[in-house]
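Q: Below is one structure. I have some questions about it.
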Amino acid sequence: MYTTELQKSDSKPVAIKEPQELIDAFEARVAADAFIEPKDWMPDAYRRTLIRQISQHAHSEIVGMLPEGNWITRAPSLKRKTILLAKVQDEAGHGLYLYSAAETLGASREEMIDALHSGKAKYSTIFNYPTLTWADIGAIGWLVDGAAIMNQVPLQRTSYGPYARAMVRVCKEESFHQRQGYDALIVMSNGTDEQKAMVQDAIDRWWWPAIMMFGPPDDNSPNSAQSIRWRIKRETNDELRQKFIDATVPQVHLLGMKVPDPDLKWNEERGHYDYGALDWDEFYAVVRGEGPTAKERMEARRKAWDDGAWVREAADAHEARRRLKAAA
Ligand code: BYC
């Protein structure tokens, strides 16, 4: 059923049929909700889908450190500074678990980093928007990490074991991130008129990009059907988006703020909020790398990689010396 594409020297891809008994055994394990582990046989397309999704997820965590990292020195108090510092460090940890999970599928760290830096690999659209005020940092914790949790809780039951296990820890940490963001906005929304206006302005700018994080609508999501079948994705993009909106609208109201969507309305019959049309042209433009801060983000990532070269070289030299000593 599945085929592996191999590149021949004349560059024409050749489809190699995968053994049916292996496919059947794999599908039976997935259907029984058993985890697929690194040494288990898996269809090549499953492996490639996971490498794509997990590495993009890792890139999002690492690029996601930038908009918040910009605010560590400007946080309004020592307490907020320590919280933000811890949060940004957590995101680095998430990136590392995820790169390691992708490595168990045969992807190398260099390949993945190179794909990010060359613009070949995607990362979440949300990190291509600027953080203009302190309220934006609250909004990122609450809305962006909140959307991430909604997406990642089902991924704790994704069919690939190392990815599922990484998600357990990531979700615990994201839950702290979400709360600290909301807490910062509760304080501001009980503050001066100027602070309240900053909170509303942050919600106005982050609401739509946050609900776009779940990806294109289901009828325009080329990867969803297969990923759901393989139990990589456990819920569709639109299902998760709806859950997030339903959970978050009351939180906006609790802050005394408005959702910037004139079409938002509780639908008694569906038991869900109806919401207005998303600007999918904007989404695809940001996916193509045309977001407001896309260039700045990639420049910052490449610079961090180049500036860190001496650390990688020192670690390699240390390891070579250790091996030499062990062999002596
Ligand atoms: N941004 O067929 P679809 C965080 C792409 S980090 C960019 O639905 P799929 C945090 C998609 O890749 C949270 N691209 O795809 C960190 C595909 O293109 P390719 C990050 C997007 O994979 C630091 C194409 O559009 N979370 O929270 O079935 C600080 C068609 O889409 C986006 C994850 O990465 C997007 N938003 O579903 C604070 C979660 N959406 O690859 C916070 C793991 C779609 O075919 N990932 N595309 O060229 C997933 O769950 C899934 O990959 C997605 C997309 C739901 C995102």
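Q: Residue check: is residue 145 over 17 Å from the mean Cα position of the chain (by Cα) and modelled with pLDDT of 95 or more?
A: For residue 145, the condition - over 17 Å from the mean Cα position of the chain (by Cα) and modelled with pLDDT of 95 or more - is not met.
Q: Of all the residues that make up region 143-154, how many are within 9 Å of the ligand (Cβ to nearest atom), crowded, with 24+ Cβ neighbours inside 10 Å and among the aliphatic types (A, V, I, L, M)?
A: 3
Q: With outside any strand (DSSP E or B), at pLDDT 95 or above and surrounded by 14 or more Cβ atoms within 10 Å (Cβ to Cβ) as the only criterion, which of 270, 297, 322 stands out?
A: Being outside any strand (DSSP E or B), at pLDDT 95 or above and surrounded by 14 or more Cβ atoms within 10 Å (Cβ to Cβ) holds for just one of 270, 297, 322, which is 297.
Q: Look through region 273-289, keep the residues that are more than 16 Å from the ligand (Cβ to nearest atom) and assigned to a loop (DSSP other than H, G, I, E, B), and return whichever of them is most open to solvent (accessible area, probe 1.4 Å).
A: Only one residue fits best here, namely 277.
Conditions (1) in contact with an Asp or Glu (Cβ under 8 Å, 6 or more places away or on another chain); (2) more than 16 Å from the ligand (Cβ to nearest atom); (3) open to solvent by 40 Å² or more (accessible area, probe 1.4 Å); (4) not in a helix (DSSP H, G or I), marked per residue:
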position	(1), (2), (3), (4)
167	no, no, no, no
170	no, no, no, no
173	yes, no, no, no
179	no, no, yes, no
182	no, no, no, no
186	no, yes, yes, no
197	no, yes, yes, no
202	yes, no, no, no
208	yes, no, yes, no
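Q: Residue 191 is checked against (1) of a type outside the set (A, V, I, L, M, F, W, C); (2) in contact with a Cys (Cβ under 8 Å, 6 or more places away or on another chain); (3) open to solvent by 20 Å² or more (accessible area, probe 1.4 Å) and fails just one. What number does that condition carry?
A: (2)
Q: Give just the number: which of (1) out of contact with any strand residue (DSSP E or B) (no Cβ under 9 Å at 6 or more places or on another chain); (2) surrounded by 22 or more Cβ atoms within 10 Å (Cβ to Cβ) does residue 121 not satisfy?
A: Answer for residue 121: the failing condition is (2).
Q: Shifting gears a bit: Being in contact (Cβ under 8 Å) with a residue 60 or more places away in the chain, over 28 Å from residue 189 (Cβ atoms) and of a type in the set (Lys, Arg) narrows it down to one residue among 297, 288; which is it?
A: Of 297, 288, the one residue that is in contact (Cβ under 8 Å) with a residue 60 or more places away in the chain, over 28 Å from residue 189 (Cβ atoms) and of a type in the set (Lys, Arg) is 297.
Q: A follow-up question, please. Going by what's in this entry, would residue 317 be described as more than 30 Å from residue 64 (Cβ to Cβ) and outside any strand (DSSP E or B)?
A: yes
Q: So, residue 21, is that one crowded, with 18+ Cβ neighbours inside 10 Å and either part of a helix (DSSP H, G or I) or in contact with a His (Cβ under 9 Å, 6 or more places away or on another chain) (or both) or not?
A: No.
Q: Name the single residue that is nearest to the ligand (Cβ to nearest atom) among those in region 30-76 being open to solvent by 50 Å² or more (accessible area, probe 1.4 Å) and over 30 Å from residue 105 (Cα atoms).
A: 70
Q: Quickly run through region 87-107 and pick out the residues that are open to solvent by less than 40 Å² (accessible area, probe 1.4 Å) and without any contact (Cβ under 8 Å) to a residue 60 or more places away in the chain.
A: Scanning region 87-107 gives 88, 91, 92, 95, 99, 102, 107.
Q: Got at least one residue in region 226-239 being without any contact (Cβ under 8 Å) to a residue 60 or more places away in the chain, under 27 Å from residue 116 (Cβ atoms), within 14 Å of the ligand (Cβ to nearest atom) and part of a helix (DSSP H, G or I)?
A: Scanning region 226-239, I find at least one residue that is without any contact (Cβ under 8 Å) to a residue 60 or more places away in the chain, under 27 Å from residue 116 (Cβ atoms), within 14 Å of the ligand (Cβ to nearest atom) and part of a helix (DSSP H, G or I), so the answer is yes.
Q: Identify all residues within region 244-262 that are out of contact with any strand residue (DSSP E or B) (no Cβ under 9 Å at 6 or more places or on another chain), open to solvent by 10 Å² or more (accessible area, probe 1.4 Å) and within 22 Å of residue 153 (Cα to Cα); write none if there are none.
A: 247, 250, 251
Q: Another one. Restricting attention to region 211-220, does a residue exist that is part of a helix (DSSP H, G or I), within 14 Å of the ligand (Cβ to nearest atom), open to solvent by less than 20 Å² (accessible area, probe 1.4 Å) and within 17 Å of residue 257 (Cβ to Cβ)?
A: yes
The values are calculated or read from the model by the stated rules, or taken from the named source; none is laboratory data. These numbers were taken from a predicted model, which means no experiment stands behind them. For neighbour counting, all protein chains shown are included, and Cβ atoms are generated from backbone atoms with ideal geometry for every residue, glycine included. Please note that ligands, DNA and RNA were not included when accessible areas were found on the heavy atoms of the full protein model with its side chains. Shrake-Rupley method; radii C 1.70, N 1.55, O 1.52, S 1.80 Å.
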